[in-house]
Amino acid sequence: QVHLVESGGGLVQPGGSLRLSCAASDQTVSNYHMGWFRQAPGKELEFVAAITWKGGNIYYADSVKGRFAISRDNGVNKISLQMNSLKPEDTAVYYCAADDQPNNMRAASEYMYWGQGTQVTVSS
């Protein structure tokens, strides 16, 4: 069992930045592939970014490529999502997820463990 906790969400103006973090409280994340997903009101859960367990491979949704950066620090049992040049359409609840062997890093159904989510609102 992996218990994930996200933090760092909030309200930011368009063009601003936020940094989300995801920590595991009772297991080490170093053994897991990790992903970030988001869900806007009335929309389906959407892939944002993912990183393999050693950080050797990173994946981004086209909508965030060049603006967001996923990273991991296995030494402190945490992954992060740096979000720059934020747009109103980035407004959503952001979730981190973990799995030891996802067949498709971009598919939410492949991840076993999920955090409770953190709200990101981009608005002037």
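The values are calculated or read from the model by the stated rules, or taken from the named source; none is laboratory data. Predicted model only: the values in this text are computed from it and were never measured. Backbone-built Cβ (ideal geometry, glycine too); neighbour counts: all protein chains shown. Protein only, heavy atoms only, side chains kept; ligands, DNA and RNA dropped before computing areas. Shrake-Rupley method; radii C 1.70, N 1.55, O 1.52, S 1.80 Å.
Assorted remarks:
- Output for region 65-86, where each listed residue is assigned to a loop (DSSP other than H, G, I, E, B), in contact with a strand residue (DSSP E or B) (Cβ under 6 Å, 6 or more places away or on another chain) and either modelled with pLDDT of 95 or more or β-branched (Val, Ile, Thr) (or both): Leu86
- If the condition is being open to solvent by 50 Å² or more (accessible area, probe 1.4 Å), at pLDDT 95 or above and small (Gly, Ala, Ser), then region 54-64 contributes only Ser63.
- From Val48, Val5, residue being among the aliphatic types (A, V, I, L, M) and crowded, with 20+ Cβ neighbours inside 10 Å: Val48
Conditions tested, residue by residue: (1) open to solvent by less than 20 Å² (accessible area, probe 1.4 Å); (2) without any contact (Cβ under 8 Å) to a residue 24 or more places away in the chain; (3) on the phi < 0 side of the Ramachandran plot.
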{"site": "Gly75", "(1), (2), (3)": "no, yes, yes"}
{"site": "Lys78", "(1), (2), (3)": "no, no, yes"}
{"site": "Met83", "(1), (2), (3)": "yes, no, yes"}
{"site": "Thr91", "(1), (2), (3)": "no, no, yes"}
{"site": "Tyr95", "(1), (2), (3)": "no, no, yes"}
{"site": "Asp99", "(1), (2), (3)": "yes, no, yes"}
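- Taking first residues from region 26-51 that are within 16 Å of Asp62 (Cα to Cα) and partners that are of a type in the set (S, T, N, Q) and surrounded by fewer than 23 Cβ atoms within 10 Å (Cβ to Cβ), the Cβ contacts under 6 Å between residues at least 6 apart in sequence or on separate chains come to Leu45/Gln39.
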